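Report on the following structure.
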């Protein structure tokens, strides 16, 4: 039995003439807001309000940034502006100013110390798990 594999699944169907459903909704919404502004408000104020709304509707319908729709870019900007930000900085030590006759203290370096018993336990566990690296001969070689 043969099955037909769908192709071009990334391309949206053109439903309203040359527009997809999303494009039609964005353009119809922008046109509706502009029409409402021109019927309710004076012409100058309606022009000031409807111009950015129509520009946003056209950008949402057609503009892509790095092959991503403009709505995804707007969502990322909104999340960045409203989300928490983590600021990380590297602490820089200030130079110690020496007065005459004084020496600057040596920088402190933390070195973990192993006691003799911990060191012996560690070497014993390494030699038991891996007898080739123990330095001595294993049971097979004797």
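Quick note: the coordinates plus some simple rules give every number you see, no bench work behind them. Quantities reported herein were computed from a predicted structural model and do not represent experimental measurements. Positions of Cβ are backbone-derived with ideal geometry, glycine not excepted, and every protein chain shown enters the neighbour counts.
Observations on the model:
- Ascending count of other beta-carbon atoms within 10 Å, so fewest first, for 13, 121: 13, 121
- Share of Cα-Cα pairs in region 14-82 lying beyond 16 Å, as whole percent: 56
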